[in-house]
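Structure first, commentary second.
The values are calculated or read from the model by the stated rules, or taken from the named source; none is laboratory data. These figures come from a predicted structure and were not determined experimentally. Cβ sites come from the backbone with ideal geometry, for glycine too, and all protein chains shown count toward neighbours. Accessible surface is based on the protein model in full, side chains and every heavy atom, while ligands, DNA and RNA are left aside. Shrake-Rupley method; radii C 1.70, N 1.55, O 1.52, S 1.80 Å.
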Amino acid sequence: MEIGIDKIGFYAPHYYVDMVKLAEARGIDPDKFTIGIGQDEMALAPVTQDAVTLAANAALQVLDEVDKEKIDLVLFGTESGIDHSKSAAVYIHHLLGLNPYARSIELKQACYSATAGIQMAKGHIALNPKSKVLVIGSDIARYGLATPGESTQGAGAVAMVISKDPKLLAIENESTYFTNDIMDFWRPLYSDTACVDGKFSNEQYIHFFNTVWEKYKEQTGRSLEDFAALCYHVPYTKMGWKALRTILEEGTEACGERLRAHYETSIQYNRKVGNIYTGSLYLSLLSLLEKNDSLKGGDRIGLYSYGSGAVGEFFTGILQHGYQQHLYVNQHEELFKARQEVSVEEYEEIFADTLPADGSTTSLDAANDPAAVYLSGVEDHKRIYVNRNN
Ligand code: HMG
């Protein structure tokens, strides 16, 4: 039985910052952000969007009534959780109107957890072939104003339906994974911005990639030539390239050119959104699927997932025949077109506009937020969500 990604939905908040203008405001050469980091725009979440609403907005785009009935497991990967106890999965289970006979849990391991979700979903469907699983990666990446990490912020969510006989990508069984306890990036409970050892995190991302790639080749006997394309976790678009270029000489020149060209296609959406942590690898896969004009059914795609702290995994999928008919290309084009640019001053205000840390009652003005699902405020320490479609 083939199991894999049947549908992918994506949502980013409606505000973005132009990276050239951000660089100018910080007194930095814009080429550093657009070439050195590889980012053009950065998605920015207003206070009315959090990990739950971003996820619900991504999932609403793709779920039909059959999915809502058949989904009996919701796996919500995030590192921007809104509660230490109640999972974000339970909130979206309700907001999406899913079958009540479902398991709903939140998964955490930095940017890696949606990948863990996919692998767990695969096991669940192997035992329950009629089920579908909703796997989410939803985050708001915050490093702080004028910090070295600022140019690698972002916000957004990817929602994937995992099922048997998937229409997009069948996930193969072979995969290699690696854990090592390191402090390259983390976010203590008391902080709403990440702590990061930037250079060390870059080195470890590449080290973990090389480790799981070598192990994968050893376990499977496959080589670079077996891949039509490779997708990477994309904290910023230059990062995946830095890892990819370490292995390119293992293949022919033509293979190298193919992988490099597909890598460029796979980062088009990420260049406009920034780091969305758990969803970044899947946003890159989505970009590849929606923007390429040469990949076909039967092609093998490699996926490298990395979550600081750290866990890395290399796994693969086989593209399904006719996958092009099951994408939401127009909706994603509309989503990008409808976004509104904010000035650096406005971005700084929006960034600082956060919920009261003590949970006091607040009512939020969502008149400028066009999203279907938004946060309307906090009452009795409970977040109040609204789904405009209901
Ligand atoms: P920095 O110190 O500001 O930048 O931090 P830099 O000085 O290293 O420069 C960046 C690049 O721009 C360099 O290129 C420069 O040469 C180039 P490289 O040598 O790396 O190829 N550059 C220019 N290029 C063209 N024209 C110019 C110019 N000037 C410089 N004028 C850093 C950069 C990424 C470290 C920082 O932004 C940061 O700390 N970001 C957050 C951490 C991060 O994204 N780490 C990535 C790996 S860890 C990961 O992926 C996990 C993560 O997603 C979290 C999770 O798992 O939850 C982060």
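Here are some residues: A45, A89, A126. Which one is touching an Asp or Glu at 6+ places or on another chain (Cβ under 7 Å) and at negative phi? I'd like the intermediate steps shown before the answer.
Working: A45 fails: touching an Asp or Glu at 6+ places or on another chain (Cβ under 7 Å); A126 fails: touching an Asp or Glu at 6+ places or on another chain (Cβ under 7 Å).
Only one candidate qualifies: A89.
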task: Might you check whether a residue that is in contact with a strand residue (DSSP E or B) (Cβ under 8 Å, 6 or more places away or on another chain) and away from the ligand (no atom under 11 Å from the Cβ) occurs anywhere in the stretch 138-149?
output: yes
Practice item. Could you tell me whether any residue of the stretch 364-385 is touching an Asp or Glu at 6+ places or on another chain (Cβ under 8 Å), of a type in the set (A, V, I, L, M, F, W, C) and surrounded by 10 or more Cβ atoms within 10 Å (Cβ to Cβ)? Key: yes
**Message:** Looking at the stretch 287-308, can you tell me whether even one residue there is farther than 26 Å from V342 by Cβ, outside any loop (DSSP other than H, G, I, E, B) and open to solvent by 30 Å² or more (accessible area, probe 1.4 Å)?
**Reply:** yes
Looking across the stretch 93-119 at residues that are closer than 25 Å to H233 by Cβ and surrounded by fewer than 17 Cβ atoms within 10 Å (Cβ to Cβ), the single one that is nearest to the chain's Cα centre (by Cα) is K108
Only one of G221, G251 is without any contact (Cβ under 8 Å) to a residue 24 or more places away in the chain and either more than 16 Å from the ligand (Cβ to nearest atom) or surrounded by fewer than 17 Cβ atoms within 10 Å (Cβ to Cβ) (or both), namely G221
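Condition check ((1) within 14 Å of the ligand (Cβ to nearest atom); (2) open to solvent by 10 Å² or more (accessible area, probe 1.4 Å); (3) at pLDDT 95 or above) across all residues:
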position: D165; (1), (2), (3): no, yes, yes
position: S175; (1), (2), (3): no, yes, yes
position: V196; (1), (2), (3): yes, yes, yes
position: K199; (1), (2), (3): yes, yes, yes
position: Q204; (1), (2), (3): yes, yes, yes
position: F208; (1), (2), (3): yes, no, yes
position: T237; (1), (2), (3): yes, no, yes
Expected single match for within 26 Å of S308 (Cα to Cα), at pLDDT 95 or above and surrounded by fewer than 19 Cβ atoms within 10 Å (Cβ to Cβ) among V90, V20, V66 is V90
